[in-house]
Amino acid sequence: MRARLIIARLIQAIPVVIGVVVITFILTRALPGDPAVYFAGDAADEASIQQVRETLGLDKPLPHQFLQYVRDLVRGDWGNSLSTGQPVLADLARRLPASLELTLLALLLSCAIAIPLGVMAATSPGSWKDHLCRVLVTAGVSLPTFFTGILLVYVFYYLLDIVPSPLGRLDFIYIEPDSITGFYLIDGALTGDWETFRGAAKQLVLPATTMAIFTLAPIARMTRASMLTALSSDFIRTARAAGLARRKILMGYALRNALLPVVTTLGMVFSFALGANVLVEKVFAWPGIGSYAVDALVASDYAAVQGFVLAMALLFVALNLIIDLVYALIDPRIGFDS
Amino acid sequence: MLKIQNLRVQFQTRNGPVDAVRGIDLMLGRGETLGIVGESGSGKSVTAFSILQILDQGGRIVSGELNYSGVDLSNASERDLNDIRGREISMIFQNPRAALNPIRKVGHQIEDVLRHHAQATVQDARAKAIAALKEVQIKDAEARYHAYPFELSGGMCQRVVIALALACKPQLLIADEPTTGLDVTTQKTVMDLIQALAHERQMGVILITHDLGLAGQYCDRLVVMKDGAVVESGAPETLGRSATHAYTQRLVAATPHPGKTLHELVLGGTETPVPDQGDVLLSAQNVTKTYVGKSGPVHALKGVSFDLRQGGCLGLVGESGSGKSTVSSIIARLQDPTDGAILFEGASLLDTSAKKFARDPRRPQVQMVFQDATDSLNPRHSAAQSIAEPLRHLGNLTNIQRRDRVHELAEQVGLPSPLLTRLPHQLSEGQKARVGIARALAVSPKLLILDEPTAALDVSIQAIVLNLLATLRHQLNLTYLFVSHDLAVIQMLCDSVAVMRQGQIEEMGETSQVLNAPETAYTRSLIDAAPVPIM
């Protein structure tokens, strides 16, 4: 039963993916400038531009171009990046895991702090714990990531010198692990290369903390609000009247009911974190997808921008799918078809 | 078994402390059933919560002694209290669906309680939970064990709540409005179940209710509360016959029961003449409504026909899901029927679709008074604005004319004009009900559809509102379509009644005829399920 619902939900995602493909296609065609001119290079004359136009298929009618584009996409040919000279798909495959590893770790860290903080604040509203939560959350969200990032670097690298230099995913003394998933932590653990694992973890600490501080606020706020609602509902009173232990009431009854809006927020935070970590990636010279996209945009690197937009869109579709599935796991009232 | 002495409970609010309970004394013996009766705000629920020490945040027991079998509850530690709660003293609540954890299987919720009080182990918890479900007469208990609350009906949820409360065989059961929101027939089965279990286990029961009739039927002794204090106590029969306190007398008078007339509800009330009936004003002919549901079509109405004469009052009575609200919203032209005809003064109302009916010239003539006076008023509009709202859209009056009309309406419904500038939250329930009625009357309708207008009101206010409706009907020569689940109320106000069941009219006729000599078994069961009056 449940498996069928999941498959049904997966099928619902297909039109969205098709829409995304159409929009990226139109977007790149609608942008000002002639791609053929860029691809041909600065020194090209009229004839060679025309030649590039023909090889790129740009002289054909739009529907034909679209079919060509889709066929290439399916075959895994997302075009070549001008600035790196590499296939876009290969670039993305190398850089996306770097961004994902950073974002996921940051969110994990953020949840580990924000959810207990929110629960603590909700159990005694108006107390010093509640105020502490509010101060931390406000501070976290009002400091821009590039500032917190540089501050952390200054304190922990320059003054205390307890972390390695904030340049990239691995210090030069370590060797990159064999790429299995592209996540250095996971690859290191899988291959049993604990040396690299530790090295990658050390590099991750500062950027992940920077992002965690920034994403703390919405999660903690939402946890507090939905916990307050859950704690004042009738079934909590029933549980209290039945004499259940405080821990069971708080964790088993209230928190699970409060989790739904938190998961929604988490999905939104993940989306904007993945986009917003451009700044963090720049500060820590992190070879992620955000800095790649900014460089590509500045250089008018069409194929790369197109690939980035498509990859992000697909990622968000997948993310929403996962959130919907998590909903259904938490709340039996939610059917996939509603 | 339970002895409460001089209990005082205070709530901290923004406007300073408020006394919710002002020094009450209560006693309850083993196997005895005590009824605490009072209207909203009388402190009866707060008293119950104090016994279990589960007051909401801000609530505090200022003084008093709560003695349960020798244990002082007000000074017991949280640990001791958790042993007593659920095992010695249990509680069931109103709104059973909300009282259960919405995302946990009901069987697991019962297990939680059993396991916490060491009444079951991992191995036998499941069997014991199913046994507890069986004991409250849930059919197919093994399957229900896996159900979530949203999959069960209201009555079934209340059974689960009772099973949860009684799983650990407590000595004292506190039932806080256990049947509010349930249909009369379900109310009867639930109350009979509680009574039978209490008798079987020699369990003490405290029944908290606003319904004097219900309390009188099931309790050995009654306590009447008002404004946080006990005003009178005694056996139901004595209270019903010879109440000494003025408030009890008023409460007894205001409780509707078959055979009572409208003016008897209010002490010193006078009879209102019933308007003469004219031609047929509204005629519903074979109205059907079918919704497209997830698992096939849902037939909400399967052919409903009735005539309503000018100046008449037809009561639509039925349990939840019988289709009575669907009928009223179709006639109010808020939605379209699937099939059938509705004639108003001989012309079809269905010529204009529900969506466009707001611009129909007949819109002012058919108006509606809604069930929840609070929810149906815009919280940011003053009473005057709310009443003037339909005039703004349907009448063409100048500002001054409109203001005069609002004052005139306020006077008609007995709303003092200084209250007109107040917002809904600054008005009492009864005053909000008056605003709702004045708003419906603003455009001088011929037909007024009243959808359970008194269901959310305390009995004493209900009595006043019902009398007001009768007076208005006479003064303005109005025709009423009165939707209610309460036969006793219909009996007093309506001259004819239609009993609805599963989208059809089961029985229709003169009110006295239907109530005194019902032709169908279903009508009979509805009449029988209503609590027997104590007076």
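For this structure, a couple of remarks:
- Calculated on alpha-carbon atoms, Rg and Dmax of the protein assembly as shown in Å: 34.8, 112
- A compact globular protein would have a Cα radius of gyration near 2.2 N^0.38 Å; the ratio found for chain B is 1.05.
- Chain A: translational diffusion in µm²/s, Stokes-Einstein, Kirkwood Rh over Cα pairs, 10 °C, 1.306 mPa s: 69
- Divide the volume of the convex hull around the Cα atoms of the stretch A:114-165 by the residue count and you get 99 Å³ per residue.
- Mean sequence separation of contacting Cα pairs (under 8 Å, at least six apart), scaled by the length of the stretch B:95-169, corresponds to a relative contact order of 46 percent.
- Estimated inter-spin distance, residue A:294 and residue B:14, nm [label 7 Å along Cα→Cβ]: 4.5
- Rolling a 1.4 Å probe across all protein chains gives residue B:18 an accessible area of roughly 70 Å².
- Cα extents of the stretch B:95-169 along the three principal axes, largest first (Å): 29, 21, 20
- Each of B:431, A:83, B:390 was scored by the projection of its Cα onto the charge dipole of the protein assembly as shown, and the greatest displacement toward the positive side belongs to B:431; charges sit on the C-beta of Lys, Arg, Asp and Glu.
- The value obtained for the stretch B:421-463, namely the Cα convex hull volume divided by the number of residues, is 83 Å³ per residue.
- Candidates A:212, A:242, A:139, ranked by Gaussian network fluctuation over chain A, Cα under 10 Å, top entry: A:242
- Sequence-distant lysines (8 or more away, or on other chains) whose Cα lies within less than 25 Å of residue B:355: B:289, B:294, B:302, B:324, B:446
- Here is how the number arises for chain A: DSSP H runs of 4 or more residues each give -39500 (n - 2.57), the sum is divided by the residue count, and the result at 222 nm is -24000 deg cm²/dmol.
- The Rg/Rh ratio for the stretch B:217-338, using Cα coordinates for both the radius of gyration and the Kirkwood hydrodynamic radius, is 1.16.
- Summed residue charge, Cβ within 10 Å of residue B:520's Cβ, Lys/Arg positive, Asp/Glu negative: -1
- Reference-scaled alpha-carbon Rg (2.2 N^0.38 Å with N residues) for the stretch A:54-108: 1.55
- Legend: Rg and Dmax of the stretch B:411-535, from Cα coordinates, 16.4, 51 Å.
- Axis of helix B:125-135 versus longest Cα principal axis of chain B: the two differ by about 50°, to the nearest ten degrees.
- Assigned charges on the beta-carbon of Lys, Arg, Asp, Glu; the protein assembly as shown dipole about Cα centre (debye): 840
- Farthest positive-ward along chain A dipole, Cα basis, beta-carbon charges - from A:117, A:175, A:163: A:117
- D (Stokes-Einstein, µm²/s), Kirkwood Cα radius, the stretch B:269-400, 0.890 mPa s at 25 °C: 143
- Per residue, chain B exposes an accessible area of 43 Å² to a 1.4 Å probe, with every protein chain left in place.
- Kirkwood-Stokes translational diffusion coefficient of the stretch A:206-253, alpha-carbon pairs, 4 °C, 1.567 mPa s, µm²/s: 103
- Using only alpha carbons, the stretch B:352-423 has a radius of gyration to Kirkwood radius ratio (Rg to Rh) of 0.98.
- When only Cα pairs below 8 angstrom with a gap of at least 6 residues are kept, chain B shows a relative contact order of 15 percent.
- The alpha-carbon positions of the stretch B:1-133 define a convex hull whose volume is 144 Å³ per residue.
- q = 0.26 Å⁻¹: log10 I(q)/I(0) that the Debye formula gives for the stretch A:228-311, counting C-alpha atoms only: -1.15
- Here the stretch A:95-292 has an Rg and Dmax of 19.3, 62 Å, counting Cα atoms alone.
- For the stretch A:38-147, alpha-carbon Rg relative to the globular expectation (2.2 N^0.38 Å, N residues): 1.94
- MRE, 222 nm, helices only [DSSP H, n ≥ 4, -39500 (n - 2.57), over chain B, to nearest 500]: -10000 deg cm²/dmol
- Length-normalised contact order for the stretch B:390-535 - Cα pairs under 8 Å, 6+ apart - percent: 16
- Largest first and in whole Å, the equivalent-ellipsoid semi-axes of the stretch B:165-280 read 33, 20, 11, each the square root of five times a Cα gyration tensor eigenvalue.
- Taking one quarter of the surface of the convex hull spanned by the alpha-carbon atoms of the stretch B:469-535 gives a direction-averaged projected area of 5.4 nm².
The values are calculated or read from the model by the stated rules, or taken from the named source; none is laboratory data. Predicted model only: the values in this text are computed from it and were never measured. Cβ coordinates were reconstructed from backbone atoms using ideal geometry, including for glycine residues, and neighbour counts include every protein chain displayed. For accessibility, only protein heavy atoms count, side chains too; no ligands or nucleic acids. Shrake-Rupley method; radii C 1.70, N 1.55, O 1.52, S 1.80 Å.
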